[in-house]
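Report on the structure given below.
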Amino acid sequence: MIVKIADKIRFLLRSLSCITICTLVIVTGMQVINRYVFHSSFTWVEELGGMAMVYITYFGAAMASINNSNTRIDFFIHKLPKPLSQGFEILDDCICIVFLVVVSGLAWRLAGSNMTALSAAMKVPLAINYIGVLLGCLLMICFYIIHLWIDVQKFRGVDMSSIEEELNK
């Protein structure tokens with residue numbers, strides 16, 4: 001069941017990321033044509049581009065979290081004996097969860113305090129950027145909790161290779 005939910009979330013994140021990237025490419029292309037052919041520019045393109053990059057970054061990080069492909073240096077951890085290595089995996093998951101909870105809290109506060117502040121060109125709340133950070137962090141917390149559960153089960157000696165393989169598709 002966890003794998004099916006993760007697959008649906010992965011599909012949704014990929015779809016949203018593709019739509020966001022396509023929108024970014026089209027709008028940036030329009031801006032280039034408008035600037036160099038018509039010698040004027042849209043004032044809202046840079047704001048939309050910045051907002052799109054926030055969403056692409058955090059949705060991409062969430063997708064990496066599903067696959068457990070987050071950035072970490074595990075060369076030395078895999079050289080350790082298996083129980084110690086598994087213990088470090090559990091510690092890594094816990095540290096990431098705590099960090100993401102802190103970032104989520106900050107993003108929540110910033111989203112709340114920027115609901116009435118509007119962007120200069122598009123006149124949309126600046127909170128939209130922080131909502132993207134919050135959504136990405138909440139998804140990553142969920143995925144790290146899943147990986148923590150898997151790592152604890154592996155530490156206890158349960159074979160979780162089939163679930164890991166399904167999650168890492």
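The portion of the accessible surface of the chain made up by carbon and sulfur, rounded to a whole percent, is 73 (1.4 Å probe; DNA, RNA and ligands excluded). The loop-placed trypsin sites (Lys or Arg not before Pro) in region 60-128, going by DSSP, that have at most 13 neighbouring Cβ atoms within 10 Å of their Cβ come out as ARG72, LYS123. Can you match P(r) over Cα pairs in 10 Å bins from 0, in percent to one of these, [x] 10, 35, 33, 17, 5, 0; [y] 12, 40, 32, 14, 2, 0; [z] 9, 30, 29, 18, 10, 4, 0, based on a calculation from the structure here? The value matching this structure is [z]. Accessible surface of LEU148, taken over heavy atoms with a 1.4 Å probe and every protein chain present, rounds to 40 Å². Normalised size of region 15-82, defined as Cα radius of gyration per 2.2 N^0.38 Å with N residues, equals 1.73. Rolling a 1.4 Å probe over the protein heavy atoms gives the chain an accessible area of 62 Å² per residue.
Pairs of Lys residues in the chain, spaced 8 or more positions apart or belonging to different chains, with C-alpha separations under 28 angstrom: 9 in total.
The values are calculated or read from the model by the stated rules, or taken from the named source; none is laboratory data. None of these values were measured; they are calculated from a predicted model. Neighbour counts are summed over all protein chains in view; Cβ atoms, including those assigned to glycine, are modelled from backbone coordinates with ideal geometry. In case anyone asks, the SASA skips ligands and DNA or RNA and just uses the protein heavy atoms, side chains included. Shrake-Rupley method; radii C 1.70, N 1.55, O 1.52, S 1.80 Å.
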